[in-house]
Amino acid sequence: MTVSIQHEGEIAVVTVDNPPVNALGQALRQGLWDAVGTLDADPSVRAVVLICAGRTFIAGADVTEFGKPPVPPHLPDLVDRLEQATKPWIAAIHGSALGGGFEVAMGCRFRVALDSATVGLPEVTLGIVPGASGTVRTPRLAGVEAAVELVTTGRPVKAAKALSLGLVDAVVTGDLRAEAVAFARNALTQPLPQPISARPVTSPDAAWWEEQRKAIAKRAKGEVAPLRALDCLRMAAEKPFAEAMAHERATFLELRASDQAAALRHIFFAERGAPKPAHLDDAKPKDIRSAAVIGGGTMGAGIAAALRDAGLPVTLIERDAEAVQRGLQNLRSIFDGAVKRGKLTEAQAEARMDGVTAGSDYSLLAGTDLVIEAVFEDLAVKRAVFAQLGQTCRVGAILATNTSYLDPRLIAEGLPHPDRFLGLHFFSPANVMKLLEIVPTPTTSPETLATGFALARTLNKIPVQAGICDGFIGNRILKRYRAEAETLVRQGTPIAAIDAAMRAYGFAMGPFEAQDLGGLDIAFLQREGARAAGQDVPETLGDILVRAGRKGQKTGGGWYDYMPGERAPKPSETTARLLAENIGSGPVLGFEEIAARLTAAMAEEGRTILAEGIALKPSDIDLVEVHGYGYPRWRGGPMFAAG
Ligand code: T1G
């Protein structure tokens, strides 16, 4: 039963039960609509508690309905009906009251939240605006400033902050239902507050709104919904309730049908499907209660930090005492940075470090459940590490390599019990980037693979399974993207125009700026290694620059010149001269054509990757690009964008 009613004396308790997250599908909206009528007509009822079964309060409208025409009762009408009920309704919130869920809670006269609950209006993360009074009631409930922060960022707030903002009326612990019923009884002993729609709202001056608009435009980088949400909020602060509601509804319906909303929904569902691949349904992951990282460099320290952030004790192994200290310092720097940014307290940073054992003796790993190798990207070095791991780790330990480019099969050659081995390709900084490419070998067992996916969930990362090829999924597409960008340069399109076009498309950086930041020599060494191994690797424009000593920002110049101590790229006459004989006089493409060419090249490589079975589904490729390579989320990824 989606909506059921029980009675505790004069208090009715309406329970919503619509797994998995009590989303407001049509049946639930109808059930609540009918419950208002039933309880209004029941003279024994003086107040109503609205509570949900399962893991959370109503988590929003049913996103699966978005592609279809809206069906009555429409959510804004239901929220109005709740507000106009003859008996006061009290929302009893646990888990996450999000989007339409929080709008339903605002239709209630009161909101009581469990201390572990969160409330929010995340609609802009789906490319839309709240569509059931979220932009009109929130300013009347919590004030304009709090409403602008909540709605235009889409970030939920925890119960304590929600109480301080006035979004909820009480925060309780223990038995939410009993506490909410007691709250309802007490509320009946005093005059009721005004319904939210009747409450006054004060609008800041025009300068404040302009300041908000500029800040949001800078942050939104091409996303439409946050700025449209700001418009709705200003209407709510300056116009009558009904007029503001009409504006919000029209905006919601318009954006709901937009390309950006479709793209963001695509990523939303792709993210939720990623951690639970159907082909692993029958494989039981192993318990990981302790982990180790071999190598304390940038990647190793980042991986160790991610493991510590997830609460796992970590053993950090380096080759000698001096390297161990460097590794520990790298790890401490990560946590110190988090303290500076206010992400961690000093005590939390200390606790992170206290959970790290470091040394150069592999016997420290005898009881470890998971070992991740993150040493220098050289096959011999990696093979030596796994030779030692094969001798010292227990048979059931999961052994993983973080290699970016090497063939995991060659790394694991000769390893005893190779069923426990796989590739776990993290992205730098590993404690920040959410993408984790999981690379099984032909001998990797389903349990080991399932453990990789379970580890991703533990680390709050987005796992994507990749087959073995040069660059797996992400780096292989990156190589194609860069090659296509160089083709445009050879045809006469300026380097700076290409970068500007990709920034306009939504990337934080274009392909050439990004190479200058990361260093041209990394890919150069890959190409040189392949050539040395006898592969036919044509010379690239990047090769010419690296051979001329132009490796990027770190050498004062790469594709661009950089003034000493500055990071602003300047078009380089030296680069123009070095590349002159390779530059044709083809058509200079406009921004849209450049972006179309480069994203089409990414999608074409993606189709080849799918055809080769390296990626399991197109949405996995989109997740790799969005979470690993800065592809703008509101474009949906190269496969989605290619249609
Ligand atoms: N609609 C439909 N299905 C949903 C859903 C939703 N809103 N939210 C989650 N699911 C599914 C999800 O696909 C997965 O399915 C399962 O529930 C568990 O999700 C009018 C218009 C609530 C914090 O944006 O943030 O209201 O894979 O793995 O980690 O203004 O889900 O199991 O088949 O994420 O415990 C606004 C989105 C909608 C909330 C729970 N609401 N959801 O996290 O579980 S727009 C949202 C979440 C709106 C109004 C507008 C999270 C969660 P399956 P999960 P979780």
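Per-peptide packing, taken as the mean over residues of other Cβ atoms within 10 Å, places 129-138, 607-616 in the sequence 129-138, 607-616 from highest down. Taken over the chain, the alpha-carbon convex hull comes to 181 cubic angstrom per residue. A straight chain from GLU593 to ASP17 at 0.36 nm per residue would run longer than the Cα-Cα distance by 202.4 nm. For the range 1-40 versus the range 456-488, the inter-centroid distance based on Cα atoms is 47 Å. Summed over the residues of the chain and divided among them, the accessible surface reaches 42 Å² per residue at a probe radius of 1.4 Å. If R0 is 35 Å, the Cβ-Cβ spacing of ALA366 and ALA533 corresponds to a FRET efficiency of close to 0.45. Taking amide H as placed 1.01 Å from N in the peptide plane, the amide H of SER290 sits under 5 Å from that of ASP369, LEU370, each at least 5 places away or on another chain. Of interest is the spacing of the C-alpha centroids, which for the range 270-307 and the range 48-88 amounts to 37 Å.
What value, in deg cm²/dmol to 500, does the helix sum -39500 (n - 2.57) over DSSP H runs of n ≥ 4 give at 222 nm once divided by the residues of the chain?
-14500 deg cm²/dmol
Per-peptide packing, taken as the mean over residues of other Cβ atoms within 10 Å, places 141-153, 321-333 in the sequence 141-153, 321-333 from highest down. Note on the chain: with neighbouring protein chains present and a 1.4 Å probe, carbon and sulfur make up 55 percent of its accessible heavy-atom surface. Take every Cα pair under 8 Å whose residues are at least 6 apart in sequence, average their separation, divide by the length of the chain, and the relative contact order is 9 percent.
The values are calculated or read from the model by the stated rules, or taken from the named source; none is laboratory data. Everything quoted here is computed from the prediction, not taken from an experiment. All Cβ positions, glycine included, derive from the backbone under ideal geometry; neighbour counts span all protein chains shown. Accessible surface is based on the protein model in full, side chains and every heavy atom, while ligands, DNA and RNA are left aside. Shrake-Rupley method; radii C 1.70, N 1.55, O 1.52, S 1.80 Å.
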